[in-house]
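Chemist: Shown below is the structure under consideration.
The values are calculated or read from the model by the stated rules, or taken from the named source; none is laboratory data. These numbers were taken from a predicted model, which means no experiment stands behind them. All Cβ positions, glycine included, derive from the backbone under ideal geometry; neighbour counts span all protein chains shown. Areas reflect the complete protein model, heavy atoms only, side chains present, ligands, DNA and RNA absent. Shrake-Rupley method; radii C 1.70, N 1.55, O 1.52, S 1.80 Å.
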Number of protein chains: 2
Amino acid sequence: MEITLDSPLDMHLHLRDGDMLKLVAPLSGDFAGAVIMPNLVPPVTEPGGMLAYNQRIREAMGNTPFSCYMTLFFTKQNEQQLALAQSTPSFFAYKLYPAGITTNSEGGVARLAEAENTLKLMEEMGIPLLVHGESHGFVMDREAEFLGVYRQLAQQFPKLRICMEHITTAAALDLLDEFENLCATVTLQHLIITLDDVAGGALQPHLFCKPIAKRPGDRDALLQAALSGHPRLMFGSDSAPHPRCKKEACGCAAGVFTAPLALPKLAEIFARHGALCQLQSFVSGNARRIYGLTPLAKQVTLQNTPMAVPGSYRSYGQQVVPMYAGEHISWSIKS
Amino acid sequence: MEITLDSPLDMHLHLRDGDMLKLVAPLSGDFAGAVIMPNLVPPVTEPGGMLAYNQRIREAMGNTPFSCYMTLFFTKQNEQQLALAQSTPSFFAYKLYPAGITTNSEGGVARLAEAENTLKLMEEMGIPLLVHGESHGFVMDREAEFLGVYRQLAQQFPKLRICMEHITTAAALDLLDEFENLCATVTLQHLIITLDDVAGGALQPHLFCKPIAKRPGDRDALLQAALSGHPRLMFGSDSAPHPRCKKEACGCAAGVFTAPLALPKLAEIFARHGALCQLQSFVSGNARRIYGLTPLAKQVTLQNTPMAVPGSYRSYGQQVVPMYAGEHISWSIKS
């Protein structure tokens, strides 16, 4: 069995910088493009820094054609800044982080009310807003507690394209269905795991991410929405590499590295549920329609021949452990 | 400020075996005694093995007087086995583990219905039943899902003394109040932490234990019950040492090591809430009344002078990291 995907897109990707960028960027090369998150240290807040980062990504990608949809860290930019960003090649959207909620998000926005002017301008200018939607509450409630903010944003700015990034709950799906101007990304791991996989047996740092994996009912609802071809749900891996030594130590950093195996695993899952026909929309079609994207043409064929996931990926003095390290996935990319 | 405790007891303690036993046993020496859990590899199921284990504990304790309340791993023992256990010095109770639910519990009981005869005999003979009360369900629901089993046990065996070990939820406290034949232990960490402390920021393996820390409302209810002198709630540290290398690696083992700092930290907490007068009942009085224990006489004075918690305890080639490693506790033991 085979399926050929037309320009698959990863709508939420962390490529980091420096040697880690050099290691992981080529591992996303089966995608036609990706939305690149700006939470470097310091975060990417200005078009100049964004262009330079884009250039470093292109160099790390080598000869692999790849559409970079660059994002800027939302910091209540003014009209002039928004206009400059919008006129900058590769710019795609602003990413809003509630302050301090995830890796390198300390500079995020603490109170949304202060950002109303910027959001109004973005709505008028047609600039998408991508949101890491978590409160500062109890870890299992953070996304649910943030839904009121999404609701308020969706109501107050009806023409603003708002993406609920890496949703993890059934409640977020319910909200998604309420507002046409909301869309959402979901990761590979949140279609598969629950908190049980992170902390139900022995502690599994390589499955620890933010937002944390939730309950079985949440996972099942997300999977069902993806398999059924929900028109405003897009694949965004949130593939988030950390050095092995930081993942396997006390105070393990949050993030699951899935970029090199995401498409084979998605094909395995969709095939197992008889839903391969929905994969194209999930990994490309919905994003292209929602955002009006025209990624570079790239066809990727997946086949039900096993892929051996390496125990780690190493290069440039960096080492990253992927999800399913040392295991087999029953689908693979046909080279 | 000072408080002198009369024969403090740790009603749930893991001392392990071998070199780890030699390291950790003396670190419980401020207590007058403890209930010693039987989940070694293989578990302690027979009085002979229990006596030998008791002897190894006594040797590890050196010259420190200490009352060992030994337990046997519940395996549907018959009348002859129960009688032999009851006549064996130091025997205290049976510990029931649902199969496979925690460290070294693979040999536990899978279906309670099969154990009815043994439980009826224990009720008649006055042998307490200590229970690790978790289902095999979703990690945050395991204790709540097991409460029906406690309810059934409490109703079916009204004279059986049933201890809900290391409770972690407000729901367990509610059940405790319903049945006079139920009692419960609670750990130090479950009076203090929630899942946020384990996985809400960076992952903290040294705070990872089973049952896993729950929600803020659960923690608050447990603390309030302890501070208010709940008559059937007892301190049981569940202090569960693992080698540092096993706690700080992928697949971190469950358990928090608190034995050497439990009394100072409890004094700090009870003093902060103006409840020092309840500490004696919590760490000794309730257990002595509920089980009719007469531990050896040992007075321990706690003072509000800081204790520096070491980064780790090392000896006999073993290294264990305690809760609050490298931090200060504002109370200490007066030597």
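Chemist: Somewhere in region A:211-224, is a residue open to solvent by less than 30 Å² (accessible area, probe 1.4 Å) and touching a strand residue (DSSP E or B) at 6+ places or on another chain (Cβ under 7 Å)?
Modeler: yes
Chemist: With the structure loaded, tell me whether B:Cys183 is modelled with pLDDT of 95 or more, within 14 Å of chain A (Cβ to nearest Cβ) and either more than 30 Å from B:Asn78 (Cβ to Cβ) or in contact with a Cys (Cβ under 7 Å, 6 or more places away or on another chain) (or both) or whether it fails that test. It would help to see each step written out before you state the result.
Modeler: On the way: modelled with pLDDT of 95 or more: yes; within 14 Å of chain A (Cβ to nearest Cβ): no; either more than 30 Å from B:Asn78 (Cβ to Cβ) or in contact with a Cys (Cβ under 7 Å, 6 or more places away or on another chain) (or both): yes.
For B:Cys183, the condition - modelled with pLDDT of 95 or more, within 14 Å of chain A (Cβ to nearest Cβ) and either more than 30 Å from B:Asn78 (Cβ to Cβ) or in contact with a Cys (Cβ under 7 Å, 6 or more places away or on another chain) (or both) - is not met.
Chemist: So, in region A:225-246, of the ones that are touching a strand residue (DSSP E or B) at 6+ places or on another chain (Cβ under 7 Å) and small (Gly, Ala, Ser), which residue ends up farthest from A:Met323 (Cα to Cα)?
Modeler: Among those residues, the one meeting the criterion is A:Ala225.
Chemist: Could you tell me which numbered condition A:Lys246 fails, if it satisfies all but one of (1) closer than 29 Å to B:Cys252 by Cα; (2) away from chain B (no Cβ under 14 Å)?
Modeler: The number of the failed condition is (2).
Chemist: Right, another one. Which members of region B:286-296 meet the condition of being of a type in the set (Gly, Ala, Ser) and touching a Pro at 6+ places or on another chain (Cβ under 9 Å)?
Modeler: Looking only at region B:286-296, we keep the residues that are of a type in the set (Gly, Ala, Ser), and these are B:287, B:292.
The answer is B:Ala287, and nothing else.
Chemist: To continue, here is another question. Assess whether A:Ala287 counts as being buried (at least 19 other Cβ atoms within 10 Å of the Cβ) and of a type in the set (A, V, I, L, M, F, W, C). I'd like the intermediate steps shown before the answer.
Modeler: Details: buried (at least 19 other Cβ atoms within 10 Å of the Cβ): yes; of a type in the set (A, V, I, L, M, F, W, C): yes.
When the stated conditions are applied, A:Ala287 passes them.
Chemist: Here's a follow-up. Here is a list: A:Ala171, A:Ala144. Which entry is assigned to a helix (DSSP H, G or I), more than 14 Å from every other protein chain (Cβ to nearest Cβ) and among the hydrophobic types (A, V, I, L, M, F, W, C)?
Modeler: On the way: A:Ala144 fails: more than 14 Å from every other protein chain (Cβ to nearest Cβ).
Going through A:Ala171, A:Ala144 in turn, just one is assigned to a helix (DSSP H, G or I), more than 14 Å from every other protein chain (Cβ to nearest Cβ) and among the hydrophobic types (A, V, I, L, M, F, W, C): A:Ala171.
Rundown of residues vs (1) under 26 Å from B:Leu266 (Cα atoms); (2) touching a Leu at 6+ places or on another chain (Cβ under 8 Å); (3) surrounded by 21 or more Cβ atoms within 10 Å (Cβ to Cβ), yes/no style:
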site: B:Ile127; (1), (2), (3): no, yes, yes
site: B:Val131; (1), (2), (3): yes, yes, yes
site: B:Gly137; (1), (2), (3): no, no, no
site: B:Phe146; (1), (2), (3): no, no, yes
site: B:Tyr150; (1), (2), (3): no, yes, yes
site: B:Phe157; (1), (2), (3): no, yes, no
site: B:Met164; (1), (2), (3): yes, yes, yes
site: B:Ala184; (1), (2), (3): yes, yes, yes
site: B:Leu188; (1), (2), (3): yes, yes, yes
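Chemist: Please work out which residue is nearest to B:Pro205 (Cα to Cα), limiting yourself to region A:267-288 and to residues that are small (Gly, Ala, Ser) and part of a helix (DSSP H, G or I). First the steps, then the outcome.
Modeler: Narrowing region A:267-288 to residues small (Gly, Ala, Ser): A:267, A:271, A:274-275, A:281, A:284-285, A:287.
With the extra rule that they be part of a helix (DSSP H, G or I), the set shrinks to A:267, A:271, A:281, A:284-285, A:287.
Working: A:Ala267: 34, A:Ala271: 36, A:Ser281: 39, A:Ser284: 38, A:Gly285: 41, A:Ala287: 38 Å.
The qualifying residue nearest to B:Pro205 (Cα to Cα) is A:Ala267.
Chemist: Kindly indicate which of A:Leu119, A:Leu175, A:Leu160, A:Leu112 is under 26 Å from A:Ala221 (Cβ atoms), among the hydrophobic types (A, V, I, L, M, F, W, C) and either touching a Phe, Trp or Tyr at 6+ places or on another chain (Cβ under 9 Å) or modelled with pLDDT under 95 (or both). Walk me through it before giving the result.
Modeler: Numbers: A:Leu119 fails: under 26 Å from A:Ala221 (Cβ atoms); A:Leu160 fails: either touching a Phe, Trp or Tyr at 6+ places or on another chain (Cβ under 9 Å) or modelled with pLDDT under 95 (or both); A:Leu112 fails: under 26 Å from A:Ala221 (Cβ atoms).
The unique qualifying residue is A:Leu175.
Chemist: Taking the options B:Lys298, B:Lys334, name whichever one is over 23 Å from B:Ala225 (Cα atoms), surrounded by fewer than 17 Cβ atoms within 10 Å (Cβ to Cβ), at pLDDT 95 or above and basic (Lys, Arg).
Modeler: Values: B:Lys298 fails: surrounded by fewer than 17 Cβ atoms within 10 Å (Cβ to Cβ).
Selected residue: B:Lys334, the only one of B:Lys298, B:Lys334 that is over 23 Å from B:Ala225 (Cα atoms), surrounded by fewer than 17 Cβ atoms within 10 Å (Cβ to Cβ), at pLDDT 95 or above and basic (Lys, Arg).
Chemist: Yes or no: region A:214-221 includes at least one residue that is under 22 Å from A:Pro322 (Cβ atoms) and of a type in the set (A, V, I, L, M, F, W, C).
Modeler: No, because not a single residue in region A:214-221 is under 22 Å from A:Pro322 (Cβ atoms) and of a type in the set (A, V, I, L, M, F, W, C).
Chemist: Could you list, in sequence order, all residues of region A:194-209 that are more than 9 Å from chain B (Cβ to nearest Cβ) and open to solvent by 10 Å² or more (accessible area, probe 1.4 Å)? Spell out how you get there, then give the answer.
Modeler: Just the residues of region A:194-209 that are more than 9 Å from chain B (Cβ to nearest Cβ), to begin with: A:197, A:207, A:209.
If the condition is that a residue be more than 9 Å from chain B (Cβ to nearest Cβ) and open to solvent by 10 Å² or more (accessible area, probe 1.4 Å), then A:Asp197, A:Leu207 are the ones that fit.
The rows are residues; the columns are (1) of a type in the set (D, E, K, R); (2) under 27 Å from A:Tyr150 (Cβ atoms).
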site	(1), (2)
A:Asp6	yes, no
A:His14	no, yes
A:Lys22	yes, no
A:Ala34	no, yes
A:Val41	no, no
A:Met61	no, no
A:Phe74	no, yes
A:Gln81	no, yes
A:Ala93	no, yes
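Chemist: Please work out which residue is farthest from B:Phe282 (Cα to Cα), limiting yourself to region B:202-225 and to residues that are aliphatic (A, V, I, L, M) and part of a loop (DSSP other than H, G, I, E, B).
Modeler: B:Ala202
Chemist: Do we have A:Ala254 as open to solvent by 30 Å² or more (accessible area, probe 1.4 Å) and within 14 Å of another protein chain (Cβ to nearest Cβ) here? Let's see the steps before the verdict.
Modeler: Working: open to solvent by 30 Å² or more (accessible area, probe 1.4 Å): no; within 14 Å of another protein chain (Cβ to nearest Cβ): yes.
For A:Ala254, the condition - open to solvent by 30 Å² or more (accessible area, probe 1.4 Å) and within 14 Å of another protein chain (Cβ to nearest Cβ) - is not met.
Chemist: Taking B:Pro306 and the conditions (1) within 14 Å of chain A (Cβ to nearest Cβ); (2) open to solvent by 30 Å² or more (accessible area, probe 1.4 Å); (3) not β-branched (Val, Ile, Thr), which numbered condition does it fall short on, given that it satisfies the others?
Modeler: For B:Pro306, the failing item is (1).
Chemist: Let me ask something else about it. Looking at A:Arg289, A:Arg314, can you tell me which residue is charged (D, E, K, R), more than 26 Å from A:Lys246 (Cβ to Cβ) and out of contact with any Asp or Glu (no Cβ under 6 Å at 6 or more places or on another chain)?
Modeler: Details: A:Arg314 fails: more than 26 Å from A:Lys246 (Cβ to Cβ).
Going through A:Arg289, A:Arg314 in turn, the sole match is A:Arg289.
Chemist: Mind listing just one residue for me: the one in region B:147-166 that is touching a residue at least 60 places away in the same chain (Cβ under 8 Å) and out of contact with any Asp or Glu (no Cβ under 6 Å at 6 or more places or on another chain) and, of those, nearest to the other protein chains (Cβ to nearest Cβ)?
Modeler: By that ranking, first place goes to B:Glu165.
Chemist: Select, from A:Pro264, A:Pro260, A:Pro241, A:Pro231, the only residue that is surrounded by 21 or more Cβ atoms within 10 Å (Cβ to Cβ), at pLDDT 95 or above and assigned to a loop (DSSP other than H, G, I, E, B).
Modeler: Working: A:Pro264 fails: assigned to a loop (DSSP other than H, G, I, E, B); A:Pro260 fails: assigned to a loop (DSSP other than H, G, I, E, B); A:Pro231 fails: surrounded by 21 or more Cβ atoms within 10 Å (Cβ to Cβ).
Only one candidate passes the filter, namely A:Pro241.
Chemist: Evaluate region A:226-243: report whether one residue or more is under 18 Å from the mean Cα position of the chain (by Cα) and within 14 Å of chain B (Cβ to nearest Cβ).
Modeler: yes
Chemist: Moving to a separate point now. Please pick out the residue among B:Tyr316, B:Tyr324 that is touching a Lys or Arg at 6+ places or on another chain (Cβ under 9 Å) and loosely packed, with under 14 Cβ neighbours inside 10 Å. Step through it out loud before you land on a result.
Modeler: Working: B:Tyr324 fails: loosely packed, with under 14 Cβ neighbours inside 10 Å.
Just one listed residue meets the conditions, B:Tyr316.
Chemist: Another question, if that's okay. Counting only residues that are surrounded by fewer than 24 Cβ atoms within 10 Å (Cβ to Cβ), of a type in the set (Gly, Ala, Ser) and in contact (Cβ under 8 Å) with a residue 40 or more places away in the chain, which one in region A:267-276 is nearest to A:Tyr324 (Cα to Cα)?
Modeler: Restricting to residues being surrounded by fewer than 24 Cβ atoms within 10 Å (Cβ to Cβ), of a type in the set (Gly, Ala, Ser) and in contact (Cβ under 8 Å) with a residue 40 or more places away in the chain, the top hit is A:Ala271.
Chemist: Give region B:116-141 a look and list any residue that's among the hydrophobic types (A, V, I, L, M, F, W, C) and either without any contact (Cβ under 8 Å) to a residue 40 or more places away in the chain or away from chain A (no Cβ under 14 Å) (or both), or say none. Reasoning before the result, please.
Modeler: To start, the set of residues in region B:116-141 that are among the hydrophobic types (A, V, I, L, M, F, W, C) comprises B:119, B:121-122, B:125, B:127, B:129-131, B:138-140.
Scanning region B:116-141 gives B:Leu119, B:Leu121, B:Met122, B:Met125, B:Ile127, B:Leu129, B:Leu130, B:Val131, B:Phe138.
Chemist: I'd like the full set of residues that are closer than 24 Å to B:Met11 by Cα and of a type in the set (Lys, Arg), limited to region B:110-144.
Modeler: B:Lys120, B:Arg142
Chemist: Moving to a separate point now. Find the strands (runs of 3 or more DSSP E) located wholly in region A:1-109 whose residues include 2 or more that are open to solvent by less than 10 Å² (accessible area, probe 1.4 Å), and list them.
Modeler: Working: elements: A:2-6, A:9-13, A:33-36, A:67-73, A:91-96.
In region A:1-109, the matching strands (runs of 3 or more DSSP E) lie at A:9-13, A:33-36, A:67-73, A:91-96.
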